[in-house]
Structure formats: C-alpha cells, structure tokens
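Working notes, structure below.
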Amino acid sequence: MPIVIDLDQAIFDWQARHGERITYAELAKRAGISIAALYRIKSGSMVRPDLRKINKICKVLECEPWELLMRIETGGKTLQETKYDLAMRARLLKKIEDADLE
C-alpha cells in the first residue's frame, strides 16, 4: 500500500474555512517554494519528500502533516492505475468545488 501526499483535500478545507480560492501557484508562493517542487510533492514523484517544504505547505493551509498523507489500497491495481484513479477523484472534486463557488 503506497502512501501519497494529498494536497487537494487540505486545499478544499482551507478554501471552505476562508471563503476564498487558492491555486497551486498561490500556495507555492505563500509557502515560499517553487511550483515545480509543489507539483513533485503532489504527484508523488519525490523519492524523499522534503519535510521542510511539507511543513511550509501545512503552515499556509493551517493543517497538520498527517492530514496530507493518504495510504492507498491498491487492491491488485498497479500504482499507475491508482494514480489515475486519484487524478479522476481530484478532477471530480474540483468540478464540485467550482460549482459551489459559483
């Protein structure tokens, strides 16, 4: 069971608490990290996640590091298939969020 860093839920929670939208670019800027680093964290392509960067993200999103971690039950799926499922989930959540903000 792989563990991934799920930023989307923390971003949605932050947006709900503050009543404003935050993009990945804005999150990276406020956290003082590059957008490329943020995407590496989000995509799970980091071999060793930088805990300092994760801490900065948590400070901006007002959450705890454990809230970003998600263990994925693959159920016989490959990691690539599981990542695809997560991407689809994120797209659906974004559509729901966009509909709620309108």
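Each value in this text was obtained by applying a stated rule to the coordinates, not by laboratory testing. If you're wondering where the values come from, they're calculated on a predicted model, not measured in any experiment. Here Cβ is always computed from backbone atoms with ideal geometry, including for glycine, and neighbour counts include all displayed protein chains.
A few remarks follow.
- Model label zone, LEU51; criterion: amide N under 19 Å from point 7 Å along Cα-to-beta-carbon; scope segment 2-26: 3-6
- Nearby lysines by direct alpha-carbon distance to LYS29 (threshold 25 angstrom, same-chain neighbours under 8 apart not counted): LYS42, LYS53, LYS56, LYS59, LYS94, LYS95
- Each residue of segment 25-42 was assigned a 3J(HN,Hα) from its phi angle through the Karplus curve 6.51 cos²θ - 1.76 cosθ + 1.60 (θ = phi - 60°); the sequence is 5, 5, 4, 4, 5, 5, 7, x, 10, 6, 5, 5, 5, 4, 5, 5, 5, 5 Hz, with glycine and proline shown as x.
- Spacing of the modelled spin labels on ALA87 and ALA37, each 7 Å from Cα toward Cβ, amounts to 2.5 nm.
- Treating r as the C-beta distance of TRP66 and ALA25 and R0 as 30 Å, the FRET efficiency rounds to 0.75.
- Segment 4-70: GluC sites (Glu not before Pro) in DSSP loop, at most 10 other beta carbons within 10 Å: GLU20
- Rounded to the nearest 20 debye, dipole of the chain from Cβ charges on Lys, Arg, Asp, Glu: 520
- Bins of 10 Å from zero: percent of alpha-carbon pairs in the chain: 14, 47, 33, 6
- Options ILE35, LEU68, CYS58, ranked by Cα towards positive dipole end of the chain, top entry (Cβ charges): ILE35
- Mean separation of Cα contacts under 8 Å (6+ apart) over length of segment 3-101, as relative contact order %: 38
- Within straight-line cross-link reach of LYS83, aspartates and glutamates at Cα separation under 18 Å, skipping those fewer than 8 residues along the same chain: ASP6, ASP8, GLU73
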